[in-house]
Amino acid sequence: PDAPLVWFVQFGAFADEDRAFALHQELVAAGLAARLVSVEGSAFLHVRIGRFGAREEANVQLEQVGARGYTASIVRDERPEATVRR
C-alpha cells in the first residue's frame, strides 16, 4: 500500500488570521503551491506546501523554498485539514 501523505513543509501556524492570509498570498504570488489550512484540534491557521509520503520528499521541497529565501520547517501531521478561504 502507498505511504500515508503525512509530511508537509510548513511556513507557520498563526493565531493572527491576517498574518496567515498575508503569508499565504505572498507565497502564492511567488509561484509556490502554498495552502492555507485549518487542522483538526488546532486553533491556528497553518501555511503549508505539499503532502508527502516520506520525509526525504519534504526535505527536497524545504531546500527549494530555502534557496528562495523562505524559512520553513518539515512537520509530520496525520490530522485532517481543511482549506481556508477568505
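For residue 52, the conditions (1) out of contact with any helix residue (DSSP H, G or I) (no Cβ under 6 Å at 6 or more places or on another chain); (2) buried (at least 16 other Cβ atoms within 10 Å of the Cβ) all hold with the exception of (1). In this structure, does residue 8 turn out to be in contact (Cβ under 8 Å) with a residue 60 or more places away in the chain and outside any helix (DSSP H, G or I)? Against the criterion (in contact (Cβ under 8 Å) with a residue 60 or more places away in the chain and outside any helix (DSSP H, G or I)), residue 8 qualifies. Checked against (1) open to solvent by less than 40 Å² (accessible area, probe 1.4 Å); (2) within 21 Å of residue 79 (Cα to Cα); (3) part of a loop (DSSP other than H, G, I, E, B), residue 32 passes all but condition (2).
Mind listing just one residue for me: the one in the range 29-86 that is among the basic types (Lys, Arg) and under 18 Å from residue 16 (Cα atoms) and, of those, nearest to the chain's Cα centre (by Cα)? Outline the logic, then answer.
Residues of the range 29-86 among the basic types (Lys, Arg): 35, 48, 51, 55, 68, 76, 79, 85-86.
After this cut, where a residue has to be under 18 Å from residue 16 (Cα atoms) as well, the list is 35, 48, 85-86.
On the way: 35: 6, 48: 1, 85: 15, 86: 17 Å.
Restricting to residues being among the basic types (Lys, Arg) and under 18 Å from residue 16 (Cα atoms), the top hit is 48.
Out of curiosity, is residue 58 buried (at least 21 other Cβ atoms within 10 Å of the Cβ) and outside any strand (DSSP E or B)? In short, yes. For the range 16-34, check the following and say yes or no: at least one residue is in contact with a His (Cβ under 6 Å, 6 or more places away or on another chain) and β-branched (Val, Ile, Thr). Checking the range 16-34: not a single residue is in contact with a His (Cβ under 6 Å, 6 or more places away or on another chain) and β-branched (Val, Ile, Thr).
Just one of the listed residues (5, 45) is of a type in the set (A, V, I, L, M) and either surrounded by fewer than 12 Cβ atoms within 10 Å (Cβ to Cβ) or at pLDDT 95 or above (or both), and it is 45. Among the residues making up the range 64-78, those that are open to solvent by less than 100 Å² (accessible area, probe 1.4 Å), within 20 Å of residue 39 (Cβ to Cβ) and either without any contact (Cβ under 8 Å) to a residue 40 or more places away in the chain or assigned to a loop (DSSP other than H, G, I, E, B) (or both) are 72, 77.
The values are calculated or read from the model by the stated rules, or taken from the named source; none is laboratory data. No experiment lies behind these values; they were computed from the predicted model shown. Positions of Cβ are generated from backbone atoms using ideal geometry, with glycine treated the same way; all protein chains shown enter the neighbour counts. SASA here: full protein model, heavy atoms, side chains in, ligands and nucleic acids out. Shrake-Rupley method; radii C 1.70, N 1.55, O 1.52, S 1.80 Å.
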